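K.L.:
The structure's right below; bear with me while I get my questions together.
Taken together, the values in this text are just the output of simple stated rules run on the coordinates, not laboratory data. As the structure is a computational prediction, the values presented were derived from the model and not from experiment. For neighbour counting, all protein chains shown are included, and Cβ atoms are generated from backbone atoms with ideal geometry for every residue, glycine included.
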Amino acid sequence: MLDLGTLGGNCGGPAVLNNRGQVIGSSTLPGDLISRPFLWDHGVITDLGTLGGDNGEALAINDAGEKLWAIPICLATRYSMRSSGVTGQ
């Protein structure tokens, strides 16, 4: 087991591990009111941001490193494959 850390908040957890050792998950920011998707890559945790709004959730990562995450917006969900440039609603 390995502690991946957080984006500054008290809560966080992994969602998916790929064959390159990359992990995506979600973490709260300081204050624990906002949750953001993250990428953990060999000891470095990176906030993946959102396409609008404050919160997001990591859903998947493939072995090419392409990430898929959801950003809740007014009961709808917007999906993004940011690293490949593909977006959709």
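K.L.:
Give the long-range amide H neighbours of I34: residues separated by 5 or more places, or on another chain, with amide H under 5 Å away, using H modelled in the peptide plane at 1.01 Å from N.
P.N.:
Residues meeting the amide H criterion: L29.
K.L.:
What spacing in nm lies between the two simple spin-label points modelled at L33 and R20, each 7 Å away from Cα in the Cβ direction?
P.N.:
With each label point 7 Å from Cα toward Cβ, the separation is 3.6 nm.
K.L.:
Just to verify a number: FRET efficiency for D3 and V44, C-beta to C-beta distance, R0 = 22 Å, to 0.05?
P.N.:
Efficiency at R0 = 22 Å is approximately 0.95.
K.L.:
Here's a follow-up. Let me know the shape class of the range 23-66, please: from the alpha-carbon gyration tensor, a ≥ b ≥ c as square roots of the eigenvalues, rounded when a/c is under 1.5, otherwise prolate if a/b is greater than b/c, or oblate.
P.N.:
Oblate is the answer for the range 23-66, as a/c is 1.5 or above yet b/c matches or exceeds a/b.
K.L.:
Calculate the spin-label point distance for D54 paired with C11, positioning each point 7 Å from the Cα along the beta-carbon direction, and give it in nanometres.
P.N.:
Inter-label distance under the simple model: 1.3 nm.
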